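The values are calculated or read from the model by the stated rules, or taken from the named source; none is laboratory data. Here the structure is a predicted model, which means the values were calculated and not measured. All Cβ positions, even for glycine, are placed from backbone atoms using ideal geometry, and neighbour counts span all protein chains on display. In case anyone asks, the SASA skips ligands and DNA or RNA and just uses the protein heavy atoms, side chains included. Shrake-Rupley method; radii C 1.70, N 1.55, O 1.52, S 1.80 Å.
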Amino acid sequence: MQMKIGSPLFTRWTEQYVTITVPGLEVGSPQALKIDGSPAQFQYTGKETAGGAEIMLRLSFEQGQMRTLEFEPTAAASTDLSSVEIPCENGAEFGVTGHELRIGPLGTFLTGCGGFALESSVRCKFPLVQRSLARLNDGPFFIDYELK
């Protein structure tokens, strides 16, 4: 599957993270990406529309340049979209190694980030009786967590 995309500006556009919708691409399908014939990384955002799957990639343009994105089936997807529960009743660490967020036991919130301690609290009229933490998206560009 091929897709052409043109420079969005009338000037050079330095490499940056971009989200685009790829027609005909299914969220989570194992695909390899080439940009103008060179291998490139991408990550599914998890969002699927009638127009296709939304992905994130790094892209740059010269003034007026057209880029060719080519997707080919591969053995494994670069993005893990499975929901992975992370036990957090007694606290938990999650995130990128060396920069993890830490949550304390029930009744506390963030207790640290990387090597730094934090003090935080959740205040409401009713006591917090349960919470859950799950990893929802893990790929080459970002990791998505949900804390309820």
Residue that is of a type outside the set (A, V, I, L, M, F, W, C), open to solvent by 70 Å² or more (accessible area, probe 1.4 Å) and touching a residue at least 60 places away in the same chain (Cβ under 8 Å), where the choices are Q41, Q130, Q63 = Q41
task = Name the residue, out of Q31, Q2, Q16, that is loosely packed, with under 15 Cβ neighbours inside 10 Å, within 20 Å of F142 (Cα to Cα) and not β-branched (V, I, T).
result = Q16
The stretch 46-60, residues that are touching a residue at least 40 places away in the same chain (Cβ under 8 Å) and more than 10 Å from F141 (Cα to Cα) = G46, L59, S60
